[in-house]
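Step one of this worksheet: look at the structure below.
The values are calculated or read from the model by the stated rules, or taken from the named source; none is laboratory data. As the structure is a computational prediction, the values presented were derived from the model and not from experiment. Backbone-built Cβ (ideal geometry, glycine too); neighbour counts: all protein chains shown. Quick note on the areas: whole protein, heavy atoms, side chains included, nothing else; ligands and nucleic acids left out. Shrake-Rupley method; radii C 1.70, N 1.55, O 1.52, S 1.80 Å.
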Amino acid sequence: MNETKSSCCYCGVGCGVIIQSEGERIIGVRGDPDHPANFGRLCTKGATLHLTARTDLRAMHPELRVSREETRKRVSWDEALDHAAGRFAQIIHEHGPDSVAFYISGQLLTEDYYVFNKLAKGLIGTNNVDTNSRLCMSSAVAGYKATLGMDAPPNCYEDIDHAACLFIAGSNTAFAHPIVYRRIEDARAKNPALKIIVVDPRRTDTAAAADLHLAIAPGTDIALYNAMLHVLLAEKMVDRNYIAAHTEGFEAIERTARATTVEQAAAICAVKAPDIITAARWFGAAKATLSLYCQGLNQSSHGTHNNAALINLHLATAHIGRPGAGPFSLTGQPNAMGGREVGGLSNLLSAHRDLANPAHRAEVAKLWGVPDVPAKPGKTAVELFGALASGEVKAVWIACTNPAQSMPGQDQVRAALQNADFVVLQEAYRNTDTAAYADLLLPATSWGEKEGTVTNSERRITRVRAAVPAPGEARADWAIAADFAQRLGAALAASSPQVSGRDAMKLFAYTSTEAVFNEHRESTRGRDLDITGLSYAMLDKAGPQQWPLREGETSGRKRLYENGLFPTPSGRARFVDAKHLAAAECADADYPLLLNTGRLRDQWHGMSRTGTVARLFSHAPEALLAMHPADMASRRLAHGDIVKVRSRRGELAVGVEASQELQPGQVFLPMHWGSQFMAGAGANALTSPAFDPFSKQPELKLAAVAVEKFELPYEIVALARLTGMAGDPSGGLALTATLQPLLQHFDWASLGLFGRDEDFLVMHARCAKAPAAAVLAAMDSALRLDDKDALLSYSDAARGISKKIRFAGGHILAVRLAGETRAAAWLQEAMLDGVAAPELWRFALAPLATPPVARAPRGRIVCNCLDVSENEIASRLTQGASFDDLQATLKCGTSCGSCAPELKRLCVERGHRLGAAA
Ligand code: SF4
């Protein structure tokens, strides 16, 4: 077995992993004990990365369609890239450089990002290159630049150990950044006096564990922070010496804060005034206060000022530039930071240079060896898809992201992709929602197969290494972009004057990933993120390093601004006079509820990767709308009912669950499920494309919606054992891709996986009346239930009931129940347990709600590592077990620890002790 050090490809914590491989197969993964981000720990997602290393759903070779009426056909790389270069050159020739655009991803590596940025800005001459990081952290970028002068998170994870007060705002760290949360748990265990304040409209597991939870009304952060500053001023807890020596612009925010009374803010934020005072006192009085914040601040129509208002508190109290103190933005994606570093957004330039600065543009042009780079800002994500819809942008190249799921206002985004003259998708997976719109699909390498570097939230650069060769004809993302650039250069030279002086063959003549990195490194010389002292060799020898790391230095800088000097013209940090603003839309009589969207513990983004791992569905098997019990009661809703959720932009049918996490008047929907796993476009059918005027980040966290019961009496359930599914040599996951298009034929539908040692598929669907016979026939065909061998069937046409079940090797292989599905739940459990088919076959088609063999349903799995269910935990809690007892007896929470916050919450909710270990 070989072991290869690399990085987890999910969140911005940036954990180090060791990939275990045999020959060309990845067989395991473990945390890298030497990596400073995680010291060997992994969360549920990272610990199952090896299970995603399969090819069933991968794009394996280029596919092209020359007209929308055709399906894509396999082509060679030469045909694919020559065609793309010809189409781009023709469009640029006829409509200019701004008629094409690139939409890339925070999951690309820094080297990939660098080449795409140079291709757009250096060769084509357009700044139309934006990224899904726009949806994630562009408000954090704008907030840092407006206050501290540069886009540089000043802290490191070690600061969690030094903090006396943790101020967690707009972040469910326990779910979204689990390994950071493990560090918080450790810090609290070492220092029981550590105060934890959480600001979040929802009582998440992170909030439930806090000393103080401020459940503010959505979108009211600025009022809270200004009222906290009001208290700090009134109680003389601001540091006048620091303000005088190291900042500017305090007078304006001081006036605003003095005018924002605690009572006013309490009314706006819907929290208690004494809680605001307590939060301000803890924040101000602590020896060191560290803020950790994320999408709750960023995904807002005033996200930049949300960030700035929080940073104001740090500047006013001098909680910055010291161990344990500072405003620390947690990045969502694994390499959002790397994208920022190379300037891979439509309003940025390489190495934190500004597009609007002529000297910066000249520096970049000189570095690249081109006459100039364009000055006009490019289209940001929402603007880009708007321009695609209007025809202003005609061709888009999408890499490593899935805008047909992740962008807000899906109706418009999908119409824009449909309207585009030419859509290229460079992807590892062939079945994402965006793939349906691609005229050209280019197979890209993925985790475990590619190499380069990524930067995590604490500015730490880690080497990403390949453990196995690329599958099929997949190529590295940067190599695809460079190859295309050279072909495009040749095509443009023949038709367009703007490439004069740009030798694409030379500009993109990279012979290795390291050559790209070295060019990027040189672009940082003299900048705040200077990494001229860093090399692949150093990363290989000394491990991951933080920036800056200048030539001649042997290690990077842990934290920034320790000398009180900031990268602004005056050297002083700037207060921003942020004032409370209403959100882009409010609840009203037609849309009386506020929808919040966000992450779950065990899924990642659009599930193209995590959606291939059965055990990652066990904590949350399907998308559910969480709603306060009082709101459910007033609508006569019960847990599990299907509801129709409507916003001003679209609608979605989804199951509903009662949740005490939410305040009345608010609902929450996970962001992960799209058209591949449910009927409809997912949460972003409902969300708003309204965006912040400075960062252009859309308001994904707040949309006004209406919710009503959706009566769908006709039910269909399909179950399939994927392992060894007949006729499917790859193991069967491809069956999901066959069934996914059928989801859209139902009023509500959900597709998921279950199982642990084996993979099973479950598809639930409901509709007002029986679906067309052709839809059931297509399901049966996919499930091989049209095969007469070993098949049992039952049909009662008068009552609309039809059932089929197939066996092989003594086990149930596939089931499809329509019109009457009461046996589905126990059949699912029986398949999971491997109960022999002969025991079941007589009962399988009967309307039995209880199983013919004794079998207690296990319920949702809380501890994924040790496979411990909610019911097993509930049973122990009924006997009075503490958190310690649960760990000692069931072992839950003793492996990766991702479930520990939920276990503690369950104990507290039942009034039990936590025990010494908690
Ligand atoms: Fe990966 Fe989990 Fe670490 Fe994030 S916290 S990098 S998802 S292992």
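Quick look at the values:
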item: Conditions (1) within 19 Å of V464 (Cβ to Cβ); (2) more than 16 Å from the ligand (Cβ to nearest atom); (3) open to solvent by less than 60 Å² (accessible area, probe 1.4 Å); number of the one not met by H83; result: (1)
item: Filter pass, A466 being open to solvent by 10 Å² or more (accessible area, probe 1.4 Å) and of a type outside the set (K, R); result: yes
item: Which listed residue is at pLDDT 95 or above, within 27 Å of R601 (Cβ to Cβ), touching a helix residue (DSSP H, G or I) at 6+ places or on another chain (Cβ under 7 Å) and open to solvent by less than 10 Å² (accessible area, probe 1.4 Å), from V705, V654, V667, V717; result: V717
item: Residue in the range 160-168 that is farther than 28 Å from T597 by Cα and within 16 Å of the ligand (Cβ to nearest atom) present; result: no
item: Members of the range 17-74 that are of a type outside the set (K, R), part of a loop (DSSP other than H, G, I, E, B), more than 13 Å from the ligand (Cβ to nearest atom) and surrounded by 14 or more Cβ atoms within 10 Å (Cβ to Cβ); result: A53, T55, D56, L57, A59, M60, H61, P62
item: The range 414-427 - residue that is open to solvent by less than 10 Å² (accessible area, probe 1.4 Å) and in contact (Cβ under 8 Å) with a residue 60 or more places away in the chain and, of those, farthest from A399 (Cα to Cα); result: F422
item: Qualifying residue in the range 171-180 (condition: open to solvent by less than 20 Å² (accessible area, probe 1.4 Å), away from the ligand (no atom under 16 Å from the Cβ) and modelled with pLDDT of 95 or more); result: no
item: Selection from the range 143-178 of residues that are of a type outside the set (V, I, T), under 17 Å from A336 (Cβ atoms) and not in a loop (DSSP other than H, G, I, E, B); result: G143, Y144, K145, A176
item: Subset of the range 181-203 (residues that are within 16 Å of the ligand (Cβ to nearest atom) and either more than 21 Å from A285 (Cα to Cα) or open to solvent by 10 Å² or more (accessible area, probe 1.4 Å) (or both)); result: Y181, R182, R183, E185, D186
item: Inter-residue pairs, beta-carbon under 6 Å, first within 17 Å of M607 (Cβ to Cβ) and in the range 24-51, second part of a strand (DSSP E or B) and open to solvent by 10 Å² or more (accessible area, probe 1.4 Å), 6+ apart; result: L49/V29
item: Residues of the range 512-533 satisfying the condition of being more than 14 Å from M150 (Cβ to Cβ) and open to solvent by less than 30 Å² (accessible area, probe 1.4 Å); result: T513, V516, F517, H520, S523, I531, T532, G533
item: Elements of type helices (runs of 4 or more DSSP H) in the range 794-898, at least 3 residues being more than 30 Å from A777 (Cα to Cα); result: 870-878, 883-889
item: Within the range 231-271, considering residues that are in contact with a strand residue (DSSP E or B) (Cβ under 9 Å, 6 or more places away or on another chain) and either among the aromatic types (F, W, Y) or assigned to a loop (DSSP other than H, G, I, E, B) (or both), the one nearest to V198 (Cα to Cα); result: V271
item: Check on A140, open to solvent by 10 Å² or more (accessible area, probe 1.4 Å), within 23 Å of R459 (Cβ to Cβ) and outside any loop (DSSP other than H, G, I, E, B); result: no
item: When residues of the range 126-159 are limited to those that are hydroxyl-bearing (S, T, Y) and in contact with a strand residue (DSSP E or B) (Cβ under 8 Å, 6 or more places away or on another chain), the one nearest to the ligand (Cβ to nearest atom); result: T131
item: Qualifying residue in the range 434-448 (condition: within 18 Å of S688 (Cβ to Cβ), modelled with pLDDT of 95 or more, open to solvent by 10 Å² or more (accessible area, probe 1.4 Å) and not in a loop (DSSP other than H, G, I, E, B)); result: no
item: Selection status of A152, hydrophobic (A, V, I, L, M, F, W, C) and open to solvent by less than 10 Å² (accessible area, probe 1.4 Å); result: yes
item: Sole residue being within 30 Å of D503 (Cβ to Cβ), in a helix (DSSP H, G or I) and open to solvent by less than 50 Å² (accessible area, probe 1.4 Å), chosen from L367, L384; result: L384
item: Among residues of the range 754-784, those that are assigned to a loop (DSSP other than H, G, I, E, B) and crowded, with 23+ Cβ neighbours inside 10 Å, counted; result: 2
item: Candidate set: the range 559-618, residues that are within 16 Å of the ligand (Cβ to nearest atom), farther than 27 Å from M228 by Cα and not in a loop (DSSP other than H, G, I, E, B); chosen: the one most open to solvent (accessible area, probe 1.4 Å); result: R615
item: Helices (runs of 4 or more DSSP H) lying entirely in the range 493-545 (those with 2 or more residues that are in contact with a strand residue (DSSP E or B) (Cβ under 9 Å, 6 or more places away or on another chain) and of a type in the set (K, R)); result: none
item: Lone unmet requirement of (1) out of contact with any His (no Cβ under 9 Å at 6 or more places or on another chain); (2) surrounded by 24 or more Cβ atoms within 10 Å (Cβ to Cβ) for G125; result: (2)
item: Filter result (assigned to a helix (DSSP H, G or I) and closer than 19 Å to I398 by Cβ) within the range 332-349; result: A336, G338, G339
item: Search result, residues across the range 281-300 that are among the small types (G, A, S) and either surrounded by fewer than 24 Cβ atoms within 10 Å (Cβ to Cβ) or touching an Asp or Glu at 6+ places or on another chain (Cβ under 9 Å) (or both); result: G284, A285, A286, A288, G296, S300
item: Matching option when the condition is in contact with a strand residue (DSSP E or B) (Cβ under 6 Å, 6 or more places away or on another chain) and either assigned to a loop (DSSP other than H, G, I, E, B) or open to solvent by less than 10 Å² (accessible area, probe 1.4 Å) (or both), among I311, I276; result: I311
item: Index of the failed condition, D411 passing every other in (1) within 30 Å of M678 (Cβ to Cβ); (2) assigned to a loop (DSSP other than H, G, I, E, B); (3) acidic (D, E); result: (2)
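For (1) acidic (D, E); (2) under 29 Å from the mean Cα position of the chain (by Cα); (3) closer than 18 Å to V17 by Cβ, each residue gets a yes or a no:
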{"residue": "W447", "(1), (2), (3)": "no, yes, yes"}
{"residue": "R465", "(1), (2), (3)": "no, yes, yes"}
{"residue": "V468", "(1), (2), (3)": "no, yes, yes"}
{"residue": "W478", "(1), (2), (3)": "no, yes, no"}
{"residue": "A482", "(1), (2), (3)": "no, yes, no"}
{"residue": "A515", "(1), (2), (3)": "no, no, no"}
{"residue": "T524", "(1), (2), (3)": "no, yes, no"}
{"residue": "S535", "(1), (2), (3)": "no, no, no"}
